Amino acid sequence: MLKKRLVAVLVVCDGKIVQSEQFRHPHKIHDNPVFAMDCFNKWAVDEIMTLNVSRSSKSRGQFLDVVAELSDACFLPHVVGGWIETEQHAVDLLHCGADKVVLNTRAFEDRTLVPLLADRLGRQCVVVSIDARKDADGVERVCIDRGARLTATAVVDWAREAEQLGAGELFVNSIEHDGMCRGYNLDCLAKVKRAVSIPVIGFGGVSEWGHLKEGVEQAGLDAVAAANVFHYSENSCKKAKRYLLDQNLPFRSANGVKA
């Protein structure tokens, strides 16, 4: 059986680590992202994802510097995203030390970008991020532009198309669940997982380790990701991995946490 992954997410706004709540970022957590990266290196996660959530496209230059600094301190696969609108910017992020890139709004608006990057970099390097929000009829639709624009496209339909275009993985977040501490949107995630054959990473809403278990057992996720919960208790990632292994779930043992 393929091993599942535990992913720690660093949400970065203007060079600071922030807490995300339904795509608002009211609280600063760390001034120095490298401090958080150093903790995650030691705390038994399998992958680290760094997302630039600044509302300004001018943040791209600063974010390149952040990625370069973080990658120097990172001894795990490092996945980065936010404001990737061109092939060259994706390549620049890889040159700064990223292992994979995460595409969202531009991938949806320009259907040529994912196949272009998959052809140049390999589809294993291309992650398509899908932000879901329910419409007035309760249908999960794709939301773009950092949660500002709700589209008419169903999440499952875009997931299928993203796979066909060349995405190697999907990173799926529910805006209603983001930062709300009530667990993943399991129904949405399960539907996406059933619709595609590529790995699906779930994100948004984790506040206890049982939510990670639900993501694996109830939604069938290939990887479970969280952000806010990892910042507020000592050795939190080790505790999460220990819990998952104690539940006999197929995660890798690492950094002093044995199966």
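Values computed for the structure shown
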{"read-out": "Fraction of alpha-carbon pairs over 17 Å apart in segment 202-244 - percent", "value": "21 percent"}
{"read-out": "Cα point-scatterer Debye curve for segment 5-246, base-10 log of I(q)/I(0) at q = 0.12 Å⁻¹", "value": "-0.60"}
{"read-out": "Shape box of segment 124-219 [Cα atoms, principal axes, largest first, Å]", "value": "35, 31, 21"}
{"read-out": "Extension reserve of the Arg182-Ala68 stretch, reckoned as 0.36 nm per residue once the Cα distance is removed", "value": "37.7 nm"}
{"read-out": "Cα centre as origin, Lys/Arg/Asp/Glu Cβ charges: the chain dipole, Debye", "value": "520 debye"}
{"read-out": "Order of Ser71, Ser56 - criterion: other Cβ atoms within 10 Å of each residue's Cβ, fewest first", "value": "Ser56, Ser71"}
{"read-out": "Theoretical FRET efficiency, 1/(1+(r/R0)^6), r = Cβ-Cβ of Arg55 and His89, R0 22 Å, to 0.05", "value": "0.80"}
{"read-out": "Amide H contacts under 5 Å for Lys4, placed H, 5+ residues apart", "value": "Phe251, Arg252"}
{"read-out": "Relative exposure of Tyr243, Tyr184, judged by other C-beta atoms within 10 Å (fewest first)", "value": "Tyr243, Tyr184"}
{"read-out": "Positive dipole terminus of the chain, leading residue within Val155, Leu51, Leu245 (C-beta point charges)", "value": "Leu245"}
{"read-out": "Ratio of Rg to Rh over segment 65-177 (Cα coordinates, Kirkwood Rh, two decimals)", "value": "0.99"}
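Just so you know, all these numbers are worked out from the coordinates, no wet-lab data involved. Since the structure is predicted, the reported quantities are computational estimates derived from the model, not experimental observations. Cβ coordinates were reconstructed from backbone atoms using ideal geometry, including for glycine residues, and neighbour counts include every protein chain displayed.
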